[in-house]
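Encoded as structure tokens, the structure appears first; notes follow it.
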Amino acid sequence: MDELLLRKAQRGDPEAFGRLMEPLEQLVWRVCWHYTGDREASSDCGQEAMIRIWRALDNYRGDCAFESWVYRIAANCCMDWLRKKKRDRSVSIEPMKDQGFDPADTSPGTEAQVIAKDERRRLREAIALLPEDQREALVLTQLERVSYEEAARMLDISEGTVKSRVNRAKARLKEILTPEGELSSPADVKKGERRSRT
């Protein structure tokens, strides 16, 4: 990272900010895509992340790698989106169906595509339930295909710690997802968290 560009951007220079973020823009958009799985949502989250990075830039003190700091802001934007989506989903059309409303099935694609999309959605929801440190390591190495060495540098931890977190994340996903591929109940997830801490 160019320290001079960082200092200029922290003083409010938008051109310096653009040049500082240029190498990391693809990381932000890919992270948002991996978390949301939706083109429009990933674009919205990516834009929100860039705004948050710009506004918080003065708070960056170099305590961790700049890429890691950027990644965490992007991931937090996505987690906010996932939480909001979960709340919005609680507004159900079931009462309308009881009154005779029969919405048309507008889902595009073949049955196999619909099933695959549903499986990806369940996996994203399961990943969202992981502890933050495990989720970061998993997304970077398994979805972003960043090497363990690079992930260690980005997260400012040892390579061994990255591998350990990825292994724990995979084990937790197996606990969260039932054999049928459905999400466990929140109570089951909490039990698994207690077991993993003991």
_Multiplying the sequence separation of E149 and K85 by 0.36 nm and subtracting their Cα-Cα distance, what value in nm do you get?_
19.7 nm
*Compute the Cα gyration tensor for segment 1-88, then decide on rounded, prolate or oblate, letting a ≥ b ≥ c be the square roots of its eigenvalues: rounded whenever a/c is under 1.5, prolate when a/b is larger than b/c in the other cases, and oblate in all that remain.*
prolate
*segment 1-90 - charge dipole about Cα centre, Lys and Arg +1 at Cβ, Asp and Glu -1, debye rounded to 20*: 460 debye
*asked:* Less than 9 Å Cβ to Cβ from L20, Lys/Arg counted +1 and Asp/Glu -1: what total charge do the surrounding residues give?
replied: 0
*Additional length obtainable on full extension of the chain from R7 to E132, 0.36 nm per residue less Cα span*: 42.1 nm
*asked:* Going 7 Å from the Cα of E25 along its beta-carbon direction, which residues of segment 47-79 have the amide nitrogen within less than 18 Å of the resulting point?
replied: 47-55, 67, 70-71, 74
*Check each of the chymotrypsin sites (Phe, Trp or Tyr not before Pro) in segment 10-45 and keep only those in coil by DSSP with at most 10 other C-beta atoms within 10 angstrom; list them in order.*
none
_Below 13 angstrom from the Cβ of E159, what's the summed charge of the other residues (Lys, Arg +1; Asp, Glu -1)?_
0
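A short reminder: the numbers here are calculations on the coordinates, not readings from a lab. In this text the structure is predicted, and so the values were computed from the model without any measurement. Cβ sites come from the backbone with ideal geometry, for glycine too, and all protein chains shown count toward neighbours.
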